[in-house]
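Read through the structure below, which is laid out as structure tokens, and then see the notes.
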Amino acid sequence: MRTRLTWQPALTLVNLLLQYISSTGVRGNTWCGKNYEIDQPIIPPKGTFPPSEDLKEPEFAFRCVPRNQPYLKEDDCRSYASVLVDTLITPVHLRHGSPMTRNNPVPTTLTVTLEVDGYLTVYRDVEMNAKDLELPLSLCSLRPHRTPYNITCSAELEVSTTLKQTVVYTTSLWYLPTPPSGSVTKLDRKTGALMTKSNAGNFEHIFPIGFYTDFGGYLASNLTILDEIKSQGFTVVHPVPPFTDKAAFDEMLDHMDAIGLYLIYDMRHSYQNLHAVSQEVEALKRHKSLLLWYTADEPDGSGDALDATRAAYDLIYELDGYHPVSIALNCADYFFEEYVSGADIILPDVYMIGNNATFSSKYSTPCTKDFGCCGCDNCEGQFEDISKRLHATSTRLRMLGWDKTKFIWTVTQAFGGEEFWTRPPTGREWLVQTILSINHGTRGIIPWIDPTPVDIKQYASLFAKALSQLVPYFFDPETSFSHSTYGRVDVGLWRRGPKTLILATNLDGDNFGTLIQRLDNQTISWILQEGTSMSSDRELVLEPLGSAIVVISKPQDILDSKRPEHDEL
């Protein structure tokens, strides 16, 4: 929650009467659908996400999606495009799951047919119960245009010699004309990365990192701040509206174009006004620096209209289509599906540092799943609040069948000393948030807010400058990832050929944590070493809130000496 409480959309007279009858008061201000003021009744919020459903019989979860969005006319039409296919057998119900024909053995292969604009491509002997199978798709018979093509994917299972089962899945293919000017941001759905054009003219993976940044009281008066941001290793800037000084805003855009800083354009105050959205998109879509659009800021908290994010999303794609759309979510569980339907990139913000997450210092009321506003919804005031929120987000996306088409970034806390938060994080605490988020699937870091304390900026710059060494591991499709915890030490491992990248962070602010034994004869390359040391027994030891980024050889030896609490997330 960021200094913004608004009225819930008007309830019907019937609902108001029912609430009046069933309680001692009438619902007023809410956040995440909850009352939070001392004189308000406890009314459980609506809009909670349904729990996962275990199946008596497994289902066939067949799905296809173009690997990249968008494809362009300039791409090699014969070899560049592909479709990612899942042929999973799942014991948990997924939105795209289908019942399987019973009393027959599950086939080991199947036939997949891709149909686009009347053209068929057939693949036989496709592996069953597999994920991210990449099937080539020729674009040469298609004409680039501004509206998407439909792809109809059919899976034919030969259940027996006399019985076949067919499952159909439909998705969209964006194949656009190459724009005459401006930028293009592609989504790589196999790796979860954004791709932008390098100076050499090739699309390359990027890991966006940069702050929400005050415009009117900071950037507008001193454009050299942008040069400093660039020199600190950050790749994006997210100016926070309003942009009342139009001349200063235009100068900022031109300077970002010139120095190669990416822009996240924020429409938080206007995204529900589609006329305003249209004007803003038309004015900015050809800027070289534009990376993506940002429509709604915590719409779940303030209770914006449930169709608002999707309406803005559809209009933006109608007008542009070359840049993805993002939103930030503040609530743990409030109309998740409705709000994220209008985004390609979702940014949960979990602000648990310097905060009493169970009793509101602002409203002098408790915070529970049914009541209260503490600035961190359904939190416990620990770093694990971040990983739990990210896990919940990814699980819901998977259940909805959106885990390939919607990416997760994180808004790390870089502020404090206001409202619910008695202090900002330390630099070390900011680093813990960041590494923890990446280990749990985040592929973009956008802290709130700059100006920020000096030590946070220093640590953030240190990490930003290290990213060039990490990106080859994060976004190589051949890299294998595993996740482990050792007590409160959180560890991500990316195995790539003979080397393994390790990101480790100690969530414990009071106690040391030990990560790895038996590093004898290992080649160790430190990328970042903060409160981390090697013991005489060749163990990697992390101080309270210590973090490490290291590359080692012999990945088969990494986990020999200690058993993790869980091997993979």
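Considering (1) buried (at least 22 other Cβ atoms within 10 Å of the Cβ); (2) in contact with a Lys or Arg (Cβ under 6 Å, 6 or more places away or on another chain); (3) among the polar types (S, T, N, Q), the lone condition that residue 410 does not fulfil carries the number (2).
Considering the stretch 197-226, and only residues there that are surrounded by fewer than 18 Cβ atoms within 10 Å (Cβ to Cβ) and touching a residue at least 24 places away in the same chain (Cβ under 8 Å), the residue that is farthest from residue 344 (Cα to Cα) turns out to be 221. Checking 79, 154, 160, 138 one by one, the residue that is of a type outside the set (Val, Ile, Thr) and either in a strand (DSSP E or B) or free of Cβ contacts under 8 Å to residues at least 40 places away in the same chain (or both) is 154 and no other.
Looking at the stretch 476-493, can you tell me whether even one residue there is touching a helix residue (DSSP H, G or I) at 6+ places or on another chain (Cβ under 8 Å), assigned to a loop (DSSP other than H, G, I, E, B) and surrounded by fewer than 16 Cβ atoms within 10 Å (Cβ to Cβ)? The answer is no; no qualifying residue exists. Residues that are under 25 Å from residue 547 (Cβ atoms) and of a type outside the set (D, E, K, R) within the stretch 376-388 comprise 376, 379, 381, 382, 383, 386, 387, listed in sequence order. Determine whether residue 234 is free of Cβ contacts under 8 Å to residues at least 40 places away in the same chain, of a type in the set (Phe, Trp, Tyr) and surrounded by 15 or more Cβ atoms within 10 Å (Cβ to Cβ). The answer is no for residue 234. Can you pull out the residues in the stretch 256-287 that are farther than 22 Å from residue 204 by Cβ and surrounded by fewer than 17 Cβ atoms within 10 Å (Cβ to Cβ)? The answer is 269, 273, 274, 275, 276, 278, 279, 282, 283. Listed by first and then second residue, the pairs linking a residue in the stretch 433-456 that is at positive phi to a residue that is open to solvent by 10 Å² or more (accessible area, probe 1.4 Å) and assigned to a strand (DSSP E or B), with Cβ atoms under 6 Å apart and 6 or more places separating them unless they lie on different chains, are 441/408.
Every residue, every condition in (1) modelled with pLDDT of 85 or more; (2) farther than 30 Å from residue 348 by Cα, yes or no:
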site	(1), (2)
1	no, no
4	no, no
50	yes, no
94	yes, no
106	no, yes
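For the stretch 326-349, the condition holds for no residue, the condition being that it is small (Gly, Ala, Ser) and farther than 30 Å from residue 380 by Cβ.
Selection within the stretch 33-80: residues that are of a type in the set (Phe, Trp, Tyr) and over 30 Å from residue 99 (Cα atoms). The member of this set that is nearest to the chain's Cα centre (by Cα) is 71. From the list 370, 307, 300, the one residue that fits, being over 20 Å from residue 176 (Cα atoms) and touching a Pro at 6+ places or on another chain (Cβ under 9 Å), is 370. For the condition closer than 30 Å to residue 474 by Cα and not aromatic (Phe, Trp, Tyr), residue 272 does not qualify.
Criterion first (of a type outside the set (S, T, N, Q) and surrounded by fewer than 16 Cβ atoms within 10 Å (Cβ to Cβ)) does residue 105 satisfy it? Yes; evaluated as a whole, the condition is true for this residue.
Taking the stretch 503-551 as the range and being open to solvent by less than 10 Å² (accessible area, probe 1.4 Å), among the β-branched types (Val, Ile, Thr) and either out of contact with any Phe, Trp or Tyr (no Cβ under 8 Å at 6 or more places or on another chain) or outside any strand (DSSP E or B) (or both) as the test, the residues that pass are 505, 516. Across the stretch 375-407, the number of residues qualifying as outside any helix (DSSP H, G or I) and among the hydrophobic types (A, V, I, L, M, F, W, C) comes to 5.
Working only within the stretch 280-302, note down all residues that are touching a strand residue (DSSP E or B) at 6+ places or on another chain (Cβ under 6 Å) and small (Gly, Ala, Ser). Within the stretch 280-302, 289, 296, 301 meet the criteria. Scanning the stretch 434-467 for residues being more than 16 Å from residue 207 (Cα to Cα) and either open to solvent by less than 40 Å² (accessible area, probe 1.4 Å) or hydrophobic (A, V, I, L, M, F, W, C) (or both) gives a total of 7. Would you check if residue 65 is among the aliphatic types (A, V, I, L, M), surrounded by fewer than 17 Cβ atoms within 10 Å (Cβ to Cβ) and either assigned to a loop (DSSP other than H, G, I, E, B) or at pLDDT 95 or above (or both)? It is false that residue 65 is among the aliphatic types (A, V, I, L, M), surrounded by fewer than 17 Cβ atoms within 10 Å (Cβ to Cβ) and either assigned to a loop (DSSP other than H, G, I, E, B) or at pLDDT 95 or above (or both). Screening residue 180 against (1) loosely packed, with under 14 Cβ neighbours inside 10 Å; (2) farther than 30 Å from residue 258 by Cα leaves a single unmet condition, (2). Say whether the condition of being more than 33 Å from the chain's Cα centre (by Cα), over 27 Å from residue 204 (Cα atoms) and open to solvent by less than 80 Å² (accessible area, probe 1.4 Å) is met by at least one residue in the stretch 130-153. Scanning the stretch 130-153, I find no residue that is more than 33 Å from the chain's Cα centre (by Cα), over 27 Å from residue 204 (Cα atoms) and open to solvent by less than 80 Å² (accessible area, probe 1.4 Å), so the answer is no.
The values are calculated or read from the model by the stated rules, or taken from the named source; none is laboratory data. Bear in mind that the values here come from a model prediction, so they are computed numbers and not experimental data. Here the Cβ is made from the backbone with ideal geometry for all residues, glycine too, and neighbour counts use every protein chain on show. What goes into the accessible areas is simple: the full protein's heavy atoms, side chains included, and nothing from ligands, DNA or RNA. Shrake-Rupley method; radii C 1.70, N 1.55, O 1.52, S 1.80 Å.
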